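Note sheet for the following structure.
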Amino acid sequence: MALAVLAGALASLAVIHWEDLFPPDEVHRAADDPVAICLAARASDIDKMVEEGVVTETQAATFKQRAEALCQAQVGGGNGPPPLTN
């Protein structure tokens, strides 16, 4: 009886945490994500500026952080506040 309970508990945990154990393929999601596309373009531009000596690595890291917020704002990513209910 104890083995049946143990097997049931393990099966339940496996079902609950299936995506944690076997995450979906993120490559396909990133290819369709407009924020990821925007961010890749900005990162490429920033990397070119580093290669040209226009900015330092420290500045580039700051620019890449800011580029994420810019891309989110441009393509409307993220969640807004919840709708008001009466």
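The values are calculated or read from the model by the stated rules, or taken from the named source; none is laboratory data. Here the structure is a predicted model, which means the values were calculated and not measured. Heads up, the Cβs are rebuilt from the backbone with ideal geometry, glycines too, and the neighbour counts pull from every protein chain shown.
Observations, loosely collected:
- One residue from Glu68, Glu52 being acidic (Asp, Glu), surrounded by 14 or more Cβ atoms within 10 Å (Cβ to Cβ) and either in contact with a strand residue (DSSP E or B) (Cβ under 8 Å, 6 or more places away or on another chain) or at pLDDT 80 or above (or both): Glu68
- The condition of being farther than 24 Å from Val75 by Cα, modelled with pLDDT under 90, exposed (fewer than 12 other Cβ atoms within 10 Å of the Cβ) and not small (Gly, Ala, Ser) does not hold for His28.
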